[in-house]
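Here is the structure we will look at.
The values are calculated or read from the model by the stated rules, or taken from the named source; none is laboratory data. What you are looking at is a predicted structure, and each value in this text was computed from that prediction instead of being measured. We place every Cβ from the backbone using ideal geometry, glycine too, and count neighbours over all the protein chains shown.
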Amino acid sequence: MKLYLGTYTKKKSQGIYQVELNQDHFENLELLHPVDNPTYIDVDPTSLFSVVKDGSKGGIAYFKEGVFVNQIVEEGAPPCYVSSIKSKDLVFSANYHGGRVNSYVLKDGLLVDHQKIAFGEGSKAHYIQYSAELDRVLVCDLGLDRVYAFKIEEDNRLVLSTTYQAEAKTGPRHLVVHPESKLVYVFTELSSEVHVLDFKNDKFDLIEIVSALPEGVEAQKWGAAIRLSKDGKVLYVSNRGHDSISVFEIGESLKMIQNVSTEGVQPRDFNLSSCGKYCVVANHDTNNLTLFAIEEKTGLLRLLQKDFEAPEAVCVVFA
């Protein structure tokens, strides 16, 4: 089993790395593409899209079957998120510093600019992803405390459908959508909360808000990544200030069933294998990957390995 790592390249890292997961342990860290600050990546069987920094410019780079194809960059800080819809040849980026999202199309084998949407003063767009369950493109705006839902028009342009306005200074960062209930689980960076939203008739309704930190813990609130188990029964979030992963059982309401150390500092991202057996955490400040086994019946995490070096890793994607 292989996984890819997006990284910062401020110290030791040189770009996008590949790691093998074999018999419950990591091995063979390999530099796949030398790229400046590929902090987030998106991968499908033939293509890889990466955030890229190029001097004073930032944008998205496109690789196909392991070979660099082209990149689109513009003046200013690079985006912080990239995703794609293979069936529509669409690629998206969210730019935190620019307060906007960009869309691109694949045309004649190249990545081409398509649309830019700016959200105004104070915006810090942090996430953009298509949800097949809702047939909407969802955006988290950490600065304006909003989640936007966009329809995709026939010309592949995005049109705003509705907005969820969270409380000020909660900072929606990332989200996941349940495959059956279609509930939206939004993880906030500034308040370390999970906001559970019901999306019906092009409207978000708030169902509940749950803290991602254990009861009684007074740690820094600094939420990072959120993932959902394949069967939709368990939700996972990573807490950077607490350096932990909280595990929630999904029922009529969210119930925390575990909080476990990530065995490193600043778990910026983590991901679950498609087979449902593994959870891999990237600890940015301590430059290490941590590997957990996922218990089949409960979804609880069990530590397997904690000391595998991975320089400045901030994004984990399974091949």
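Looking at segment 283-302, can you tell me whether even one residue there is surrounded by fewer than 16 Cβ atoms within 10 Å (Cβ to Cβ), assigned to a loop (DSSP other than H, G, I, E, B) and in contact (Cβ under 8 Å) with a residue 24 or more places away in the chain? So far as segment 283-302 goes, yes, one or more of its residues are surrounded by fewer than 16 Cβ atoms within 10 Å (Cβ to Cβ), assigned to a loop (DSSP other than H, G, I, E, B) and in contact (Cβ under 8 Å) with a residue 24 or more places away in the chain. Right, residue 87: without any contact (Cβ under 8 Å) to a residue 12 or more places away in the chain, out of contact with any Leu (no Cβ under 7 Å at 6 or more places or on another chain) and of a type in the set (S, T, N, Q) or not? In short, yes. The C-beta contact set for segment 251-275 (first residue under 26 Å from residue 39 (Cβ atoms), second residue modelled with pLDDT of 95 or more and among the acidic types (Asp, Glu), distance under 6 angstrom, 6+ apart or interchain) comprises 262/243; 265/243; 265/285; 266/285. Only residues that are assigned to a strand (DSSP E or B) and surrounded by fewer than 20 Cβ atoms within 10 Å (Cβ to Cβ) were counted in segment 246-264, giving 8. Test residue 126 against the stated conditions and say whether it is at pLDDT 95 or above and touching a Ser or Thr at 6+ places or on another chain (Cβ under 6 Å). So residue 126 fails the test.
Only residues that are out of contact with any Cys (no Cβ under 7 Å at 6 or more places or on another chain) and within 13 Å of residue 99 (Cβ to Cβ) were counted in segment 119-144, giving 14. Number of residues in segment 214-235 that are within 23 Å of residue 127 (Cα to Cα) and without any contact (Cβ under 8 Å) to a residue 60 or more places away in the chain: the value is 12. Residues in segment 128-143 that are among the aliphatic types (A, V, I, L, M) and either in a strand (DSSP E or B) or surrounded by 21 or more Cβ atoms within 10 Å (Cβ to Cβ) (or both) were compared, and the one that is nearest to the chain's Cα centre (by Cα) is 128. Name every residue in segment 63-83 that is in a strand (DSSP E or B) and either buried (at least 23 other Cβ atoms within 10 Å of the Cβ) or more than 20 Å from the chain's Cα centre (by Cα) (or both), in order of residue number. Selection gives 64, 67, 68, 69, 70, 71, 72, 73, 74, 75, 81, 82.
Of the residues making up segment 235-268, those that are among the β-branched types (Val, Ile, Thr) and closer than 28 Å to residue 287 by Cβ are 237, 245, 247, 260, 262, 265. Among the residues of segment 18-44, just one is under 24 Å from residue 95 (Cβ atoms) and at pLDDT below 95, namely 44.
If you filter segment 190-221 down to residues that are outside any strand (DSSP E or B) and either hydroxyl-bearing (Ser, Thr, Tyr) or under 16 Å from residue 247 (Cα atoms) (or both), you find that the one that is modelled with the lowest pLDDT is 217.
Among the residues of segment 166-192, just one is under 23 Å from residue 152 (Cβ atoms) and free of Cβ contacts under 8 Å to residues at least 40 places away in the same chain, namely 183. Taking the residues in segment 145-159 that are of a type in the set (Lys, Arg) and in a strand (DSSP E or B) as candidates, determine which candidate is surrounded by the most Cβ atoms within 10 Å (Cβ to Cβ). Filtering first and then ranking leaves 146.
A single member of 51, 105 is within 21 Å of residue 268 (Cα to Cα) and surrounded by 15 or more Cβ atoms within 10 Å (Cβ to Cβ), and it is 51. Residues that are among the charged types (D, E, K, R) and modelled with pLDDT under 95 are absent from segment 259-267 altogether. Put simply, of 55, 6, 15 the only residue that is of a type in the set (Gly, Ala, Ser), at pLDDT 95 or above and within 24 Å of residue 89 (Cα to Cα) is 6.
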